[in-house]
1. Using only Cα atoms and rounding to the nearest 10 degrees, what angle (0 to 90) does helix 12-31 make with the longest principal axis of the chain?
2. Amide H of Val178: which non-local residues (sequence gap of 5 or more, or other chain) have their own amide H closer than 5 Å, using H built in the peptide plane?
3. In the neighborhood of Gly169, defined by Cβ-to-Cβ distances under 9 Å, what is the net charge if each Lys or Arg adds +1 and each Asp or Glu adds -1?
4. Find the all-direction average of the projected area of the Cα convex hull for region 140-185, expressing the result in square nanometres with one decimal place.
5. Fully extended, how many nm does the chain gain between Glu125 and Phe14 (0.36 nm per residue separation, minus their Cα-Cα distance)?
6. Wrap a convex hull around the Cα atoms of the chain, take a quarter of its surface area, and give that in square nanometres.
7. Hey, can you grab everything whose amide H is under 5 Å from the amide H of Asn156? Only 5+ residues off in sequence or another chain; H modelled, so Pro and N-termini drop out.
8. Assign unit charges at the C-beta atoms only (+1 for Lys and Arg, -1 for Asp and Glu), then state the dipole size of the chain relative to its Cα centre in Debye, rounded to the nearest 20.
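Derivation of every value follows stated rules applied to the coordinates shown; laboratory data play no part. Keep in mind the model is a prediction, meaning the values are calculated, not measured. Cβ atoms come from the backbone with ideal geometry, glycine included; neighbour counts cover every protein chain shown.
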Amino acid sequence: MFIVWYSKLYTYKFHMRIRHYKEMVYSIWLKSSVGEVGSNTVMGINTRFVGPQFFAIGDNCRFGEHNMLAAWSTYNGISYSPSVTIGNNCNFGFCNHITCCNKISIGNNVLTGMYVLISDNSHGEIVQDVLEIPPLRRPLFSKGEIVIDDNVWIGNNVAILAGVHIGEGAIIAANAVVTKDVPKFCVAAGIPAKVIKRL
């Protein structure tokens, strides 16, 4: 009897309404520490920031649950100058990871799937002297900034690495590893990602 009563009271619609209010409260709490956040931007539950003051996020953006957003101003005693800018109307899926020690610029209307990595850095340059150091203690190394233009669609499980420019309207297929520029209005897929279609 209790289960029937409880299931009528706690409907899916009611659950989604409670979740929405939790996200709104969580977003207000997080926004107080972020450098710049536009209106109507929502942070999913358990979104985590490192260096939130180095982020500038536009209007009407949404971050799924369990996102990790990191801008490293210091790491292992070494200083960096990170900058992450995100445009308007962007939607980031569940468990995305953005990590920056240089510069990441994301345009307007960008959509990502789940488990997307956008990283302008790695644990050390690939040279013998550095490789002799345990990975966790290596200095961060960036080959260059990442630029993602407007209206880009990024599928599930994609990795976008340093020194890459993804042009307007490009589509990055699921599971791709982007190591080189992708021109605008192209579809890229594979490891490493290659253009498979031009629109």
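1. In the chain, helix 12-31 runs at an angle near 50 degrees to the longest axis.
2. So Val178 has HN proximity to Ala159, Ile160, Leu161, Ala193.
3. That sum, taken over residues with Cβ under 9 Å, equals -2.
4. Quarter of the Cα hull surface area: 3.1 nm².
5. Additional length available on full extension: 34.9 nm.
6. Computed as one quarter of the Cα hull surface, the answer is 14.0 nm².
7. Gly113, Met114, Ala174, Asn175
8. 700
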